[in-house]
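These notes are about the structure you will find just below.
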Amino acid sequence: MSEYLFAPQPQASLAIQGSSKRFPVHRIYCVGRNFSEHAKEMGAVVEKGVPVFFMKPADAIIQSADVPYPSATQDLHHEVEMVLALGQPISETMTLENALHCIYAYGVGLDLTRRDLQALAKEKRLPWDTSKGFDASAPISTLVPATDAEISPDTRLQLRVNGTLRQSAVLGDMIYSCADVLVALSKLFTLKAGDLIFMGTPAGVAALVPGDTYIAELDGVVSLTGRII
Ligand code: MN
């Protein structure tokens, strides 16, 4: 007999390359404006200070190749991003030197965005939840354990839509490094094993429409293929 009034929703999880176990997802944190060319295209002032953070619910993850076009928008945008997966908690005393050891795996994902709702929210200084945290707003690849992933400042992050290159940058172009982001986040939240972090997107964000197919790549590490339906 369960202690719950009704059956809880299933645990959100991701496949892990080379393992039969799945990665149980706790929270999804996202970094905004982490590539200066993208910040500029969004009309934001680029200044290195404190990163911009927002969140998506864990069950916004979608692992099926078919991604439904969301309700309530006329302007769904793609943002290709590297995704970090934490394998251990991070305390608020974590140093930059030690932060990277907490990354269990890397993936690539899309921070899907209802750009029209986000523009309205920005204009009215309202929260971004409806523009960023909707159902199926987080397609994410299989995770690649850090021990098998060669990540460097030269690693290229890119997105092709219908075969055309839309976004491309190297990780060295990020304003805030993975360690910077983990340390800054740990001052705001108790980071736990199972947390994911979307690391921000390069310039070139644009619309997706039903029928579009995409390939997101963290070059030499992992890719994600899907279709908007
Ligand atoms: Mn983003």
Within region 63-85, does at least one residue satisfy the condition of being within 16 Å of the ligand (Cβ to nearest atom), open to solvent by 60 Å² or more (accessible area, probe 1.4 Å) and over 20 Å from ALA216 (Cβ atoms)? no
Only listed residue being more than 14 Å from the ligand (Cβ to nearest atom) and open to solvent by 10 Å² or more (accessible area, probe 1.4 Å), chosen from ILE151, ILE228: ILE151
Whichever residue in region 7-55 is more than 16 Å from the ligand (Cβ to nearest atom) and polar (S, T, N, Q) and, among such residues, is most open to solvent (accessible area, probe 1.4 Å): GLN9
What do you reckon, is GLY107 in contact (Cβ under 8 Å) with a residue 60 or more places away in the chain and more than 16 Å from the ligand (Cβ to nearest atom)? no
Scope region 64-100; condition among the polar types (S, T, N, Q) and either modelled with pLDDT of 95 or more or within 25 Å of GLN167 (Cβ to Cβ) (or both); matching residues: SER64, SER71, THR73, GLN74
Any idea how many residues of region 106-163 are part of a loop (DSSP other than H, G, I, E, B) and either among the aromatic types (Phe, Trp, Tyr) or closer than 21 Å to VAL67 by Cα (or both)? 12
Criterion first (within 28 Å of GLY18 (Cα to Cα), open to solvent by 50 Å² or more (accessible area, probe 1.4 Å), part of a loop (DSSP other than H, G, I, E, B) and touching a strand residue (DSSP E or B) at 6+ places or on another chain (Cβ under 7 Å)) does PRO210 satisfy it? no
List the pairs whose first member sits in region 70-95 and is small (Gly, Ala, Ser), whose second member is at pLDDT 95 or above and part of a loop (DSSP other than H, G, I, E, B), and whose Cβ atoms are under 7 Å apart, counting only residues at least 6 apart or on separate chains? GLY87/ALA193
Looking at (1) in contact (Cβ under 8 Å) with a residue 24 or more places away in the chain; (2) surrounded by fewer than 21 Cβ atoms within 10 Å (Cβ to Cβ); (3) more than 13 Å from LEU84 (Cα to Cα), find the lone condition where THR201 falls short. (2)
Check GLY163, GLY107, GLY194 and return the single one that is open to solvent by less than 10 Å² (accessible area, probe 1.4 Å) and at positive phi. GLY194
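The values are calculated or read from the model by the stated rules, or taken from the named source; none is laboratory data. Note that the coordinates shown come from a computational prediction; the quantities given were computed from them, not determined experimentally. A quick note on method: Cβ atoms are made from the backbone with ideal geometry, for glycine too, and the neighbour counts reach across all protein chains shown. For accessibility, only protein heavy atoms count, side chains too; no ligands or nucleic acids. Shrake-Rupley method; radii C 1.70, N 1.55, O 1.52, S 1.80 Å.
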